[in-house]
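Engineer: Sharing a structure, written as structure tokens. Questions coming.
The values are calculated or read from the model by the stated rules, or taken from the named source; none is laboratory data. Computed from a predicted structure; not experimentally measured. Positions of Cβ are backbone-derived with ideal geometry, glycine not excepted, and every protein chain shown enters the neighbour counts.
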């Protein structure tokens, strides 16, 4: 009898940061199951971006373990984690502005077998028709929303088992934020597991299965996304919302 699938991502006692004596992430145990969309929330300075960057291999890990699909990737360099199924979209500098849309995608496709690149590019163009319309357009000339879509498209080219995004709504208008989150919900529905760091609490919880709240580098609360969004005490204590009767969470 086959047992349950291992978590797509798990961290155990994770301690990470930029200086060993001043860790930002302090002992985080996090589990993400196949097909989940998990949003990491918390006040400014809580260590949310540091946590996902440490999982992506971009921030030093001082203690603990990171597992992807049951394999320990703690010591694997960042550039090799993509081959293990982890794709990371940073908040900034997530495309090559001087290259065309096509060349951004071709560069990301370079790690794929040559005989599968065209079919995968065709698939991505089908998912992102706005990019397919003008593939020769310089990426630096795209709008903020189009740039974010290109960054997500680049990450998806390699068919990752886990997609991590750091603040994908940063700097975007409410209309474009809605489009980006709708696209992420569709990507998740297609079977891609997603971990998302986001300050736009309401938008993130609207598409998430589960929310994880980080405070001072430690995991303080985890629960169903809809329940978290409806809990005024959680919003007040951890998400910067006013007391009940005031304005709603942003």
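Engineer: If I ask for residues that are within 12 Å of the chain's Cα centre (by Cα) and over 15 Å from residue 42 (Cα atoms), which ones from the range 188-207 would you list?
Structural biologist: 188, 192, 193, 194
Engineer: Of the residues 47, 42, 35, 27, only one is over 18 Å from the mean Cα position of the chain (by Cα) and on the phi > 0 side of the Ramachandran plot; which?
Structural biologist: 27
Engineer: I need a count of the residues in the range 19-29 that are within 15 Å of residue 66 (Cβ to Cβ) and in contact with a helix residue (DSSP H, G or I) (Cβ under 8 Å, 6 or more places away or on another chain).
Structural biologist: The total comes to 2.
Engineer: For the range 160-177, which residues satisfy the criterion of being surrounded by 14 or more Cβ atoms within 10 Å (Cβ to Cβ) and either farther than 20 Å from residue 39 by Cβ or in contact with a strand residue (DSSP E or B) (Cβ under 7 Å, 6 or more places away or on another chain) (or both)?
Structural biologist: If the condition is that a residue be surrounded by 14 or more Cβ atoms within 10 Å (Cβ to Cβ) and either farther than 20 Å from residue 39 by Cβ or in contact with a strand residue (DSSP E or B) (Cβ under 7 Å, 6 or more places away or on another chain) (or both), then 160, 161, 162, 163, 164, 165, 166, 167, 168 are the ones that fit.
Engineer: Determine whether residue 132 is surrounded by 15 or more Cβ atoms within 10 Å (Cβ to Cβ), assigned to a helix (DSSP H, G or I), at negative phi and under 18 Å from the mean Cα position of the chain (by Cα).
Structural biologist: no
Engineer: Filter the helices (runs of 4 or more DSSP H) completely within the range 169-250 down to those with at least 3 residues that are touching a helix residue (DSSP H, G or I) at 6+ places or on another chain (Cβ under 6 Å), over 19 Å from residue 156 (Cβ atoms) and at pLDDT 90 or above.
Structural biologist: none
Engineer: Still on this model: Can you find even one residue in the range 139-147 that is out of contact with any helix residue (DSSP H, G or I) (no Cβ under 6 Å at 6 or more places or on another chain), at pLDDT 90 or above, crowded, with 22+ Cβ neighbours inside 10 Å and not in a loop (DSSP other than H, G, I, E, B)?
Structural biologist: Scanning the range 139-147, I find no residue that is out of contact with any helix residue (DSSP H, G or I) (no Cβ under 6 Å at 6 or more places or on another chain), at pLDDT 90 or above, crowded, with 22+ Cβ neighbours inside 10 Å and not in a loop (DSSP other than H, G, I, E, B), so the answer is no.
Engineer: Continuing with this model, one more query. Name the residues in the range 41-87 that are farther than 17 Å from residue 28 by Cβ and assigned to a loop (DSSP other than H, G, I, E, B), would you?
Structural biologist: 44, 69, 70, 75, 76, 77, 85
Engineer: Here is a follow-up. Being assigned to a loop (DSSP other than H, G, I, E, B) and in contact with a helix residue (DSSP H, G or I) (Cβ under 6 Å, 6 or more places away or on another chain) is the filter; apply it to the range 88-97 and report the residue that is surrounded by the most Cβ atoms within 10 Å (Cβ to Cβ).
Structural biologist: Across the range 88-97, the extreme among qualifying residues is 95.
Engineer: When the residues of the range 98-129 are narrowed to those that are modelled with pLDDT of 95 or more and assigned to a loop (DSSP other than H, G, I, E, B), which ends up surrounded by the most Cβ atoms within 10 Å (Cβ to Cβ)?
Structural biologist: 99
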